[in-house]
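The structure appears below as structure tokens.
The values are calculated or read from the model by the stated rules, or taken from the named source; none is laboratory data. On a predicted model such as this, the values are computed, not experimentally measured, just so you know. Cβ placement follows ideal geometry from the backbone for every residue including glycine, while neighbour counts extend to all protein chains displayed.
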Amino acid sequence: MELARVIGTVVATQQVEGLEGVKFLIVQPVDRNDKKIGEPVVAADGVAMAGPGELVYIVASREASLALPEKFVPVDHAIVGIVDAVSEV
Amino acid sequence: MKIGKVSGTVVSTINAPVFEARRLLLCDLLDETGKKPEGRSLIAVDAVGAGAGETVLILDEGNSARQVVDLEDAPIRAVIVGIVDEIEVESKTRR
């Protein structure tokens, strides 16, 4: 699971079965100091509350589909939490 | 499994159910000697009470992670499964 910043949204009305109702957000993986790491990806919103600019954390591969209410929705990244703070331990 | 150093706590109130009431720690991944940071970090659920700055053993695979938290279909990938006391890597000189 890694930190990411929501930078946009994607709407795709024509899509494969199973993706109905899934909200897609473009997220940019970042480190703790908001420095970009790697490329942005499109992630399903597993908490259905993430908005643009928010810091979230995401999971990939099979865990991504487990983050959605329906069983085995075909997604490869999903937002599983909205970050309030990353406190220095 | 990976070796990492606990560098922060991730505070989150809106999240998937599995993360409710579980400590989320930000870990900086280390190389095999446990000394040099690799420049990458990941978020792991703490299952052993790891503290600040400790070197930890991180399980970074979903099925095993679900086994640790005992939740069949939780969207969880990384779990801290151990606190490292000592790392010994084959010394260069062969005895």
**OP:** Inspect the range B:46-62 for any residue being of a type in the set (Ser, Thr, Tyr) and farther than 25 Å from A:Asn33 by Cα and give the result as yes or no.
**Re:** no
**OP:** Filter the range A:52-89 down to residues that are of a type in the set (Val, Ile, Thr) and not in a strand (DSSP E or B) and give me whichever is farthest from A:Leu25 (Cα to Cα).
**Re:** A:Val89
**OP:** Considering every residue within the range A:67-88, establish whether at least one is at pLDDT 95 or above, more than 9 Å from every other protein chain (Cβ to nearest Cβ) and in contact with a Lys or Arg (Cβ under 8 Å, 6 or more places away or on another chain).
**Re:** no
**OP:** Could you grab me the full set of residues in the range B:1-29 that are farther than 16 Å from A:Val86 by Cβ, touching a Pro at 6+ places or on another chain (Cβ under 6 Å) and either of a type in the set (D, E, K, R) or more than 7 Å from chain A (Cβ to nearest Cβ) (or both)?
**Re:** none
**OP:** Take the range A:47-66 and flag every residue that is at pLDDT below 95 and touching a Leu at 6+ places or on another chain (Cβ under 7 Å).
**Re:** A:Ala50
Original post:
Is it the case that the range A:4-24 has a residue that's within 11 Å of another protein chain (Cβ to nearest Cβ) and in a strand (DSSP E or B)?
Top reply: yes
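Rundown of residues vs (1) basic (Lys, Arg); (2) in a loop (DSSP other than H, G, I, E, B); (3) over 15 Å from the mean Cα position of the chain (by Cα), yes/no style:
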{"residue": "B:Ile3", "(1), (2), (3)": "no, no, no"}
{"residue": "B:Thr33", "(1), (2), (3)": "no, yes, yes"}
{"residue": "B:Glu38", "(1), (2), (3)": "no, no, no"}
{"residue": "B:Arg66", "(1), (2), (3)": "yes, no, no"}
{"residue": "B:Glu72", "(1), (2), (3)": "no, yes, yes"}
{"residue": "B:Gly82", "(1), (2), (3)": "no, no, no"}
{"residue": "B:Ser91", "(1), (2), (3)": "no, yes, yes"}
**OP:** Please list, ordered by first then second residue, the pairs with beta carbon atoms under 7 Å, 6 or more apart or interchain, first in the range A:70-87 and free of Cβ contacts under 8 Å to residues at least 12 places away in the same chain, second hydroxyl-bearing (Ser, Thr, Tyr) and not in a loop (DSSP other than H, G, I, E, B).
**Re:** A:Ser87/B:Thr9
**OP:** Inspect all residues belonging to the range A:13-24 and state whether any of them is farther than 20 Å from A:Ala67 by Cα and of a type outside the set (A, V, I, L, M, F, W, C).
**Re:** yes
Original post:
Limited to the range A:45-62, what total is found for residues that are surrounded by 17 or more Cβ atoms within 10 Å (Cβ to Cβ) and either at positive phi or of a type in the set (Ser, Thr, Tyr) (or both)?
Top reply: 1
